[in-house]
1. Give me the lysines in straight-line cross-link reach of K422: C-alpha distance below 30 Å, same-chain residues under 8 apart excluded.
2. Please work out the C-alpha center-to-center distance from region 104-148 to region 181-256 and express it in whole Å.
3. Enumerate the whole-percent occupancy of each 10 Å bin, from 0 to the last occupied one, for all C-alpha pair distances of the chain.
4. Excluding residues fewer than 8 places away in the same chain, name every one of the lysines whose C-alpha is closer than 23 Å to that of K462.
5. Which is farthest toward the positive dipole end of region 338-409 among L368, S404, V382, measuring Cα position about the Cα centre, with Cβ charges +1 (Lys, Arg) and -1 (Asp, Glu)?
6. How large is the convex hull of the C-alpha atoms of region 391-439 per residue, in Å³?
7. When you count, for each residue, the other Cβ atoms within 10 Å and take the mean per peptide, how do 243-252, 415-424 rank with the highest first?
8. Is any residue of region 426-466 close enough, with backbone N under 14 Å, to a label point placed 7 angstrom from the Cα of F308 along the Cα-Cβ axis, and if so, which?
Amino acid sequence: MAMNFNARKRMANAIALGIVKGLSFFAVGLLVLIIGYLVYRGVYKSERIESDVVPMAIMERTGIELMQPPLTVLSNKKSNLRHLSWFTLRNMAVGSVATLRKVSSTDAAFFMYVEESAVDALAEMLCLTSQRLMNGGAVIASREQVLERGSQQDGALVVLAGELEGKVPRGFRVPILDSYVLAANPSVTALYDNNRVGSLTGEQVAGLLGGKIANWATLDGGDIPVVALDASMGSLDDVVTALSSTDGAVAVLPAAVYYQASRQKLPVELLRMVRIDRGSNITWSYLTGRTIESGKYGGILTIIGNTFVMVILTTLIAGPLGIAAAVYLVEYAKKGRLTSIIRAGIDVLAGIPSIIFGLFGLLVFVQLFGWSFSLISGTLTVALMILPTIIRTSEEAIHSVDRSLREASIGLGATRIETIWKVVLPSASNGIATGIILAIGRAVGETAALIYTIGSSTDFVKSLTSSSRVLAMHIYLTITEGQSFDRAFASALVLVVVVLSINFVARALMTSSSRKQKGKDNG
């Protein structure tokens, strides 16, 4: 009987231990999964990009023989220009592009340099006259001169005559030139029962041209058979003629041919393409560049700086106040109804949603005090929000200090304030620092309390009354304004790194302080 009881007891213990371990591994695994996904999305981007041209990667899958232009296009590596469409190149040539912000998200002025012997070929490829090309602002010079000048301008694009022989010149890259479009008869792009053919993927284009997709209804279009046209019909002019007169017709055309057909007002429509741009999400230029157009372009250096400024000011305000309040409650306040009410109030404030503090900051600091949306309004709001956390954690840390230390200090002739300053607080420093670190972590990631108080300026804060934007606010605005999920994830990863850095530095300082205190005690 005793053996059965012991066996059941061991089994129950084993089951309980298994459940505890399983829940622990599940919790840790879930946290690792969340952090891992955040790191992955922060480091690597997967951006959906729509364009009027067929990406070269899709063109290669169709098996269509491509006509290579008798030119070489080079871009300065700092321009971050990796893909270039025919329409963008034409706009560049006629002087319609002044900056690369909308082309490659790079804050650099655009400069175009064309080799003298490449002017006529470039003008013909872009359906321009040589004079119009020269009037567009392009610098015409020898090969050596355009390469030299192009290497000195971050936003430079260089056009050379003929194919490039040998290695790509230092400081340049060869962007992928997408110069083909997917054109269709107007019957394809018409509206049918509130549906129409949208942007197409590479698989859909291959299916259209390869015969796997036989009816446009498959792509939310009308019940029209797909008629794929190609160069075997004759000249490109014959293809355009058949395209404009055949319902359901589709064909891949050079962008220049489509442009000329549209200028002649032929009934030919353009089908937009979609591609996934994969690559590095966080770059050095993103971390060190200034924010442009509310974060749509540029980097986040000023926003990182504003975040650290807010954290420092918040800590300087909330830290001393919280520690002083904790010292009073532990060392001076008498046990009674009033003290209980104060502690209950602190607990209630610690659980109030942050948006309530934001509304309080809006009414008091922004409107009543007249500080408007500024750094000081946001900092004071966040300081009030984290103050209850600092008070409660500091109170527990001070309360845990052995009473004998206080009695020994007073017995040696120290005053009460000297005992608190030189004995109690150093002994409770680890717990106090932990509470402040937790509070800072909440302050750095705060958004709701700052929406109504701190403002949204992306410039580096110049004074306490200047509007500013911090990382958490930047992430929120980047998503709500529909700018870029990839940029939001990159900023989120930076925010995590900032929080970890603050925690690491705080713990290092705390450890160093503890070692010095132990050295003094041993001495």
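1. Correct list for K422: K334, K335, K516, K518, K520.
2. 34 Å
3. P(r) over the chain, rounded to whole percents: 3, 13, 17, 17, 15, 12, 10, 7, 4, 1, 0.
4. The qualifying lysines are K296.
5. Projecting each Cα onto the dipole axis, the largest value belongs to L368.
6. 58 Å³
7. Top to bottom by mean Cβ count within 10 Å: 243-252, 415-424.
8. Counting backbone N atoms under 14 Å from the label point, the list is 460-461.
The values are calculated or read from the model by the stated rules, or taken from the named source; none is laboratory data. Please read all numbers here as calculations on a predicted model, not as lab measurements. With ideal geometry, Cβ positions are generated from the backbone for all residues, glycine too; neighbour counts draw on all protein chains shown. Side chains included, ligands, DNA and RNA excluded: accessible areas come from the protein's heavy atoms. Shrake-Rupley method; radii C 1.70, N 1.55, O 1.52, S 1.80 Å.
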